[in-house]
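Here is the structure we will look at.
Values quoted throughout were computed directly from the atomic coordinates according to the rules given, and no laboratory measurement underlies them. Small disclaimer: the values here were computed from a predicted structure and weren't measured. Cβ sites come from the backbone with ideal geometry, for glycine too, and all protein chains shown count toward neighbours.
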Amino acid sequence: MSTVADTLRIEEARKEIVQLNSNSRGTDQLMEGITRILHDKMLKYNWVGFYMIEPASNPPVLVLGHFRGAMTPHTRIPLNQGICGAAASSGKTVVIDDVTGDPRYLACSLETKSEIVVPVFVRGKVAGELDVDSHFPSAFGFEDREIVEFCAQIVGRRLEQE
Ligand code: SME
């Protein structure tokens, strides 16, 4: 359950991200800044990272981009694997309250208990995704989903302008 303090933190993070979006020079800087703000500001976001679909690979594969948190063994994820593959192939946000109960889950850290993955769309097609892991079960409520989706959306819009 989210507290008033959680809501305030999300509002602060959103303000910083809006500012970052106007000040950053390109998508790369925007993505780096989003991972930094979400990881530093949101206390339960223990790993935050982008995976982008490698344009040259066939079948398509998600490649780790900017991230904050411990290094993950999963730097390249095919679209038919993991929660990451599920979000990219369905084009839908996936929220997992208890990763131990999901057979698709690819472990990044033994401490991870819950995860949210949000696709990044560019001209209506999935181009990548924003993945957040938490050491706390059920860490991603409605407001969390909203801010992570907002971040994925501004990255998609920026990529459309490049
Ligand atoms: N847990 C993800 C893999 C990426 S790590 O969490 C960073 C998955 O199941 O696809």
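Ranked for footprinting exposure by Cβ neighbours inside 10 Å, fewest first, Thr35, Thr72 give Thr72, Thr35. Extension gain for Ser138-Arg25 works out to 37.2 nm (0.36 nm per residue, less the C-alpha to C-alpha distance).
The convex hull built on the alpha-carbon positions of segment 56-162 has an orientation-averaged projected area of 6.8 nm². In angstrom, the C-alpha Rg and Dmax of segment 108-162 are 12.7, 38. If a spin label sat at a point 7 angstrom from the Cα of Leu106 along the line to its beta carbon, the backbone N atoms of segment 129-144 nearer than 19 Å would be those of 129-134.
The order of Met71, Met31, Met42, going from fewest to most other C-beta atoms within 10 Å of their C-beta, is Met71, Met42, Met31. Ordering Asn21, Val4, Gly69 by Cα displacement along the dipole of the chain toward the positive end leaves Asn21 in first place; charges were set at the Cβ atoms of Lys, Arg (+1) and Asp, Glu (-1). Each Cα pair under 8 Å and six or more residues apart adds its sequence gap; the mean of these over the residue count of segment 1-112 is a relative contact order of 16 percent. The residue among Val117, Leu159, Ile147 whose Cα reaches farthest toward the positive pole of the charge dipole of segment 115-162, with charges on the beta-carbon of Lys, Arg, Asp and Glu, is Leu159.
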